[in-house]
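Taking it in order: structure first as structure tokens, then the write-up.
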Amino acid sequence: MDTYSKIVIKVAGGLACKNKDGKASLNMMEIADSVRKQFSPIDFQIIDYDDIDSSLADLDFFNDLARSIQRKINSQNVRGLILVYGTDTMEILAYFLHRCIINHNKQIILTGSTRETENFDFDGRANLCNSIKQILNKDASLYCNGVSINFAGKIHSPSYFRKEHTFSIDPFSSGKSGIIGMMHGDNIDWRKVLKRPLLIPLPNKLESIPIICAYPGASSYLLDVFLNRNFKAVIVIGYGSGNVSEDLYHSIKKAIECGIRVILVTKCQFGGVSPEYGGIGGNQSLIDIGVIMANDLNAYQAMVVASLVIGNSMSKNGANIESYFNNEITMN
């Protein structure tokens with residue numbers, strides 16, 4: 001058997017653990033145990049970590065979970081790790097782990113289900129089996145070095161992974177960037193190599209970073225609520241390539257003068273933010289007053305990066321942190 005002989009399955013919530021009423025479903029641990037027999041003689045360790053509704057997850061949960069995953073993936077006899085989790089915040093958790101976990105060239109895969117375990121069309125078992133097949137695939141480490149998501153037969157990168165449908169059995173998309181691979185029986189049709197953005201060490205404490213959205217009529221006092229509450233940064237979702245109204249511009253300027261880092265993203269799915277427009281509220285005017293452009297990151301991703309960077313005190317002493325807010329500045 002391989003030096004990396006064990007596959008860890010960590011169950012941490014979602015419809016695989018609870019039904020729509022919040023009550024316990026059929027035991028996902030038992031389902032995972034039955035899947036284990038299908039892949040004999042591979043050694044598995046199945047861990048009942050939590051049964052949290054993923055919409056209730058907070059940064060403390062993310063931090064604790066990441067540390068437990070890091071400890072497991074550091075073990076010499078662990079071949080890979082599968083995390084069963086809810087779909088509501090799967091894209092946020094996947095990106096968070098992708099930015100902070102040192103994976104030692106081992107697979108870390110998120111999966112879950114959109115149907116309850118009692119349903120005849122329960123998809124969690126197939127998703128779990130596909131995730132195991134991905135770990136066992138001989139080319140997986142070449143195409144997928146980092147964290148990935150295996151769901152509905154498709155393998156996604158956390159950088160471009162989005163939940164775009166509320167109840168579809170295949171609710172996720174990687175947009176124009178495309179999937180990394182597609183399951184084909186026991187094999188994988190690999191499409192592209194996973195890009196991994198710059199790693200950020202996991203800090204002792206993650207900073208809470210609020211997110212606000214530009215909208216017609218946004219007040220010049222919109223950010224005032226954050227000024228006296230010890231927030232160190234805020235994410236602003238702008239229009240187009242990163243523009244806001246004149247009133248919101250003045251609110252952002254006041255926040256920066258009070259020591260809050262302001263990170264700008266766009267509500268658009270593609271294209272990112274870039275300095276194109278002058279005038280008060282244009283993206284160039286925001287750069288001129290010290291706003292950080294988050295390039296191609298969405299609001300959740302920018303929140304994750306800001307929380308990690310500020311938690312590590314990287315933003316102190318004038319350190320350049322802009323390169324971390326970019327999915328295209330990669331480790332490979």
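The values are calculated or read from the model by the stated rules, or taken from the named source; none is laboratory data. Since the model is a prediction, treat every value here as computed from it, not as a measurement. Note: ideal-geometry Cβ built from the backbone for every residue, glycine included; neighbour counts use all protein chains shown. Only protein heavy atoms, including side chains, enter the accessible area calculation; ligands, DNA and RNA are left aside. Shrake-Rupley method; radii C 1.70, N 1.55, O 1.52, S 1.80 Å.
For beta carbons closer than 6 Å, sequence separation of 6+ or different chains, a first residue in region 34-51 that is touching a residue at least 12 places away in the same chain (Cβ under 8 Å) and a second that is part of a loop (DSSP other than H, G, I, E, B), the qualifying pairs are 43/5; 50/13; 51/13; 51/17. Is it fair to say residue 207 is open to solvent by 30 Å² or more (accessible area, probe 1.4 Å), touching a residue at least 24 places away in the same chain (Cβ under 8 Å), in contact with a helix residue (DSSP H, G or I) (Cβ under 9 Å, 6 or more places away or on another chain) and acidic (Asp, Glu)? Here the answer is yes, as residue 207 does meet what is asked.
For region 234-262, a residue qualifies if it is out of contact with any helix residue (DSSP H, G or I) (no Cβ under 8 Å at 6 or more places or on another chain) and open to solvent by less than 30 Å² (accessible area, probe 1.4 Å), and exactly one does: 248. The set of residues from region 171-204 being assigned to a loop (DSSP other than H, G, I, E, B) and without any contact (Cβ under 8 Å) to a residue 40 or more places away in the chain comprises 174, 178, 179, 180, 185, 191. Output the number of residues of region 128-168 satisfying the condition of being out of contact with any Gly (no Cβ under 8 Å at 6 or more places or on another chain), open to solvent by 50 Å² or more (accessible area, probe 1.4 Å) and closer than 20 Å to residue 93 by Cα. Number of matching residues: 6.
One residue is enough: does region 31-47 have a residue meeting the conditions surrounded by 16 or more Cβ atoms within 10 Å (Cβ to Cβ), modelled with pLDDT of 95 or more and touching a Phe, Trp or Tyr at 6+ places or on another chain (Cβ under 8 Å)? Looking through region 31-47, none of the residues is surrounded by 16 or more Cβ atoms within 10 Å (Cβ to Cβ), modelled with pLDDT of 95 or more and touching a Phe, Trp or Tyr at 6+ places or on another chain (Cβ under 8 Å). Has region 6-18 got at least one residue that is open to solvent by 20 Å² or more (accessible area, probe 1.4 Å), more than 16 Å from residue 125 (Cβ to Cβ) and at pLDDT 70 or above? Yes, the conditions are met somewhere in region 6-18.
Filtering 215, 160 for residues that are touching a residue at least 12 places away in the same chain (Cβ under 8 Å) and within 18 Å of residue 298 (Cβ to Cβ) leaves a single hit, 160.
Looking only at region 172-195, residues that are touching a strand residue (DSSP E or B) at 6+ places or on another chain (Cβ under 8 Å) and polar (S, T, N, Q) come to 2 in all. The strands (runs of 3 or more DSSP E) found wholly in region 32-150 and carrying at least 1 residues that are over 20 Å from the mean Cα position of the chain (by Cα) occupy 43-50, 78-84. Hey, any hits in region 300-316 for a residue that's touching a helix residue (DSSP H, G or I) at 6+ places or on another chain (Cβ under 9 Å), assigned to a loop (DSSP other than H, G, I, E, B), open to solvent by 20 Å² or more (accessible area, probe 1.4 Å) and without any contact (Cβ under 8 Å) to a residue 40 or more places away in the chain? The answer is no, given that none of the residues of region 300-316 is touching a helix residue (DSSP H, G or I) at 6+ places or on another chain (Cβ under 9 Å), assigned to a loop (DSSP other than H, G, I, E, B), open to solvent by 20 Å² or more (accessible area, probe 1.4 Å) and without any contact (Cβ under 8 Å) to a residue 40 or more places away in the chain.
Every residue, every condition in (1) surrounded by 20 or more Cβ atoms within 10 Å (Cβ to Cβ); (2) at pLDDT below 90, yes or no:
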{"site": "197", "(1), (2)": "yes, no"}
{"site": "211", "(1), (2)": "no, no"}
{"site": "220", "(1), (2)": "no, yes"}
{"site": "232", "(1), (2)": "no, no"}
{"site": "265", "(1), (2)": "yes, no"}
